[in-house]
Amino acid sequence: MSPAAADTTVLEENAFLQAVIEAIPGTFYVLDDQGHFVRRNRAAQELLDAPGEPMSRLSMLDAISADDRPLVAGMVQEALAKGYAETEARVVQKDGQVRWRFLAARRVDIGGKSYLVGTGLDVTERRKLEQELEHQARTDFLTGIPNRRHFLDLAELELARAHRY
């Protein structure tokens, strides 16, 4: 194979890989062992809203809500140590809106270095439905006051606390 043909093949492979990465639903990312981006798709880029920023300076934690950063940092460390980790965390979008994301990462070792390959899917609507179901399970829909089940759950917690102290 001539060098020109090899270059064409490499370009075609890179174009194919980039098309696959862009087709992944939600965000796709590759992180180094410090949690900095090595590669990401357009959806992840839009979340970060840092088009001119070199990838090596951007961390996954830059897009995560301050309250959830320790949780996501722990997920990154767990994925590096155990090979896989997942969590749900709040992500702050460029418009300031906070959305819930299911984040998953798997460790891959290439050339003696560890990387995390991961995805993030928006689960905000599911979270809202879960909260609504929990509210409905604990509240009388006619009066809006806590129902018997909620009262008994609270009473059980208070009784356990009273036994402790």
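Which of the residues belonging to region 123-165 are among the small types (Gly, Ala, Ser) and more than 30 Å from ARG101 (Cβ to Cβ)? Please lay out each step first, then the result.
Going through region 123-165, the residues among the small types (Gly, Ala, Ser) turn out to be 137, 144, 155, 160, 162.
Residues satisfying the conditions are GLY144, ALA155, ALA160, ALA162.
Could you say which residue among LEU80, LEU58 is touching a Phe, Trp or Tyr at 6+ places or on another chain (Cβ under 6 Å) and either closer than 21 Å to LEU31 by Cα or at pLDDT 85 or above (or both)?
Working: LEU80 fails: touching a Phe, Trp or Tyr at 6+ places or on another chain (Cβ under 6 Å).
Result: LEU58 is the single residue among LEU80, LEU58 that is touching a Phe, Trp or Tyr at 6+ places or on another chain (Cβ under 6 Å) and either closer than 21 Å to LEU31 by Cα or at pLDDT 85 or above (or both).
Pick out the one residue from GLU88, GLU78 that is in contact with a strand residue (DSSP E or B) (Cβ under 8 Å, 6 or more places away or on another chain) and in a strand (DSSP E or B). Break it down into steps so the answer makes sense when it comes.
Values: GLU78 fails: in a strand (DSSP E or B).
Among GLU88, GLU78, only GLU88 is in contact with a strand residue (DSSP E or B) (Cβ under 8 Å, 6 or more places away or on another chain) and in a strand (DSSP E or B).
I'm told SER114 meets every condition in (1) at pLDDT 95 or above; (2) within 18 Å of the chain's Cα centre (by Cα) except one. Can you identify the failing condition by its number?
Against the list (1) at pLDDT 95 or above; (2) within 18 Å of the chain's Cα centre (by Cα), SER114 comes up short only on (2).
State the number of residues belonging to region 21-49 that are buried (at least 20 other Cβ atoms within 10 Å of the Cβ), in contact with a Gly (Cβ under 9 Å, 6 or more places away or on another chain) and part of a helix (DSSP H, G or I).
2
Yes or no: ALA162 in a helix (DSSP H, G or I) and within 30 Å of VAL38 (Cα to Cα)? Step through it out loud before you land on a result.
Details: in a helix (DSSP H, G or I): yes; within 30 Å of VAL38 (Cα to Cα): no.
Here the answer is no, as ALA162 does not meet what is asked.
I need the full set of residues from region 98-122 which are free of Cβ contacts under 8 Å to residues at least 12 places away in the same chain and among the hydrophobic types (A, V, I, L, M, F, W, C), in order please.
Taking region 98-122 first, the residues free of Cβ contacts under 8 Å to residues at least 12 places away in the same chain are 108-112.
Answer for region 98-122, where residues must be free of Cβ contacts under 8 Å to residues at least 12 places away in the same chain and among the hydrophobic types (A, V, I, L, M, F, W, C): VAL108, ILE110.
Could you list all residues from region 61-75 that are at pLDDT 90 or above and not hydrophobic (A, V, I, L, M, F, W, C)?
Within region 61-75, SER65, ASP67, ASP68, ARG69, PRO70, GLY74 qualify.
Restricting the search to region 103-144, which residues are open to solvent by 60 Å² or more (accessible area, probe 1.4 Å) and in a strand (DSSP E or B)? Give the derivation first.
So in region 103-144, the residues open to solvent by 60 Å² or more (accessible area, probe 1.4 Å) come out as 106-107, 109-113, 121-122, 125-136, 138, 141-143.
Scanning region 103-144 gives ARG106, ARG107, ASP109, ILE110, LYS113, LEU121, ASP122.
For region 83-98, which positions are more than 10 Å from the chain's Cα centre (by Cα) and either open to solvent by 30 Å² or more (accessible area, probe 1.4 Å) or modelled with pLDDT under 95 (or both)? Let's see the steps before the verdict.
So the first thing to find is which residues in region 83-98 are more than 10 Å from the chain's Cα centre (by Cα), and the list is 83-85, 92-98.
Within region 83-98, TYR84, VAL92, GLN93, LYS94, ASP95, GLY96, GLN97, VAL98 meet the criteria.
The values are calculated or read from the model by the stated rules, or taken from the named source; none is laboratory data. For clarity, every value in this text was computed on a predicted model and none was experimentally measured. Cβ: placed from backbone, ideal geometry, glycine included. Neighbour counts: every protein chain shown. Surface areas here come from the heavy atoms of the whole protein model, side chains and all, with no ligands, DNA or RNA. Shrake-Rupley method; radii C 1.70, N 1.55, O 1.52, S 1.80 Å.
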